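S.K.: One structure follows; several queries about it will come next.
The values are calculated or read from the model by the stated rules, or taken from the named source; none is laboratory data. Everything numeric here is computed off the predicted structure, so don't read it as measured data. All Cβ positions, glycine included, derive from the backbone under ideal geometry; neighbour counts span all protein chains shown.
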């Protein structure tokens, strides 16, 4: 495929922007249904980003049903008749009310996901949660890679529910909420917000690891309410 995606600005949220560009190529037919996408290496070179950013973009497209991945083979544009209709353009969330509503939907989904993950997770799934948390707390925590790790943590929790619909919907929403992570970092002292966010994720992980659904769910609720407050969003709760 000879599509010229072009490099994009580092100031944008890279995975979401790359996913949007590739998504348009698919929906507008320049990447045909069933056609294999370029390799991660080629896409990374084309966009001028790391392979991990490309992987996040492909994961978003997979959550949207536009791409299917085959282990050891690569990523392919989904056949039209198998595509899902779940799609929200990034621009739609420029409206504060719409953004708040999407964030409010996230809370009950992720609280329940944390509870289910506490009950159903395997040692391997807990390992993936720990791996994402380790990346969040490492030297990259001040950079965009910290945001990538944050999203990976939430997807790992969703995967540990053993309910594919949680992974589908939470993965889809989390990619859009990634804009919130950027906004929160921009609106606060970075060192403070990163450390607070990490502590909240550690509490979620500990609740899951302890197989305590109440503790895990409340830790997730505390984290999401805190995230909303850092964005000055008013979220109704009962």
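S.K.: Do we have any residue at all in region 107-117 that's modelled with pLDDT under 90, surrounded by 18 or more Cβ atoms within 10 Å (Cβ to Cβ), in the same structural domain as residue 210 (by TED's automatic domain parsing) and part of a helix (DSSP H, G or I)?
M.R.: no
S.K.: I've got another one for you. Just one of (1) modelled with pLDDT under 75; (2) buried (at least 17 other Cβ atoms within 10 Å of the Cβ) trips up residue 194, so point out which.
M.R.: Evaluating residue 194 over (1) modelled with pLDDT under 75; (2) buried (at least 17 other Cβ atoms within 10 Å of the Cβ) leaves (1) as the failure.
S.K.: I would also like to ask the following. I'd like the full set of residues that are part of a helix (DSSP H, G or I) and surrounded by fewer than 17 Cβ atoms within 10 Å (Cβ to Cβ), limited to region 210-224.
M.R.: We begin by selecting, within region 210-224, every residue part of a helix (DSSP H, G or I); these are 213-224.
Within region 210-224, 214, 222 meet the criteria.
S.K.: Report yes if residue 130 is farther than 17 Å from residue 103 by Cα, assigned to a helix (DSSP H, G or I) and at pLDDT 90 or above, otherwise no. Give the steps one after another, and end with the answer.
M.R.: On the way: farther than 17 Å from residue 103 by Cα: yes; assigned to a helix (DSSP H, G or I): yes; at pLDDT 90 or above: yes.
Yes; evaluated as a whole, the condition is true for this residue.
S.K.: Still on this structure: Can you go through 57, 32, 20 and tell me which one is surrounded by fewer than 21 Cβ atoms within 10 Å (Cβ to Cβ) and outside any loop (DSSP other than H, G, I, E, B)?
M.R.: Among 57, 32, 20, only 20 is surrounded by fewer than 21 Cβ atoms within 10 Å (Cβ to Cβ) and outside any loop (DSSP other than H, G, I, E, B).
S.K.: Hey, another quick one. When you check residue 125 against the structure, is it assigned to a helix (DSSP H, G or I), at pLDDT 75 or above and closer than 22 Å to residue 58 by Cβ, yes or no?
M.R.: yes
S.K.: Just to be sure I understand, how many residues within region 133-142 are in a helix (DSSP H, G or I), surrounded by fewer than 15 Cβ atoms within 10 Å (Cβ to Cβ) and modelled with pLDDT under 85?
M.R.: First, the residues of region 133-142 that are in a helix (DSSP H, G or I): 133-137, 139-142.
With the extra rule that they be surrounded by fewer than 15 Cβ atoms within 10 Å (Cβ to Cβ), the set shrinks to 134, 139, 142.
In the following step, the residues that additionally are modelled with pLDDT under 85 were identified as 139, 142.
Going through region 133-142 one residue at a time, the tally reaches 2.
S.K.: A further question follows. Does residue 93 satisfy the condition of being in contact with a helix residue (DSSP H, G or I) (Cβ under 6 Å, 6 or more places away or on another chain), modelled with pLDDT under 90 and closer than 30 Å to residue 230 by Cβ?
M.R.: Working: in contact with a helix residue (DSSP H, G or I) (Cβ under 6 Å, 6 or more places away or on another chain): yes; modelled with pLDDT under 90: yes; closer than 30 Å to residue 230 by Cβ: yes.
For residue 93, the condition - in contact with a helix residue (DSSP H, G or I) (Cβ under 6 Å, 6 or more places away or on another chain), modelled with pLDDT under 90 and closer than 30 Å to residue 230 by Cβ - is met.
S.K.: Of all residues in region 162-191, which are in a loop (DSSP other than H, G, I, E, B) and either touching a strand residue (DSSP E or B) at 6+ places or on another chain (Cβ under 7 Å) or modelled with pLDDT under 80 (or both)?
M.R.: So the first thing to find is which residues in region 162-191 are in a loop (DSSP other than H, G, I, E, B), and the list is 162-163, 188-189.
Within region 162-191, 188, 189 qualify.
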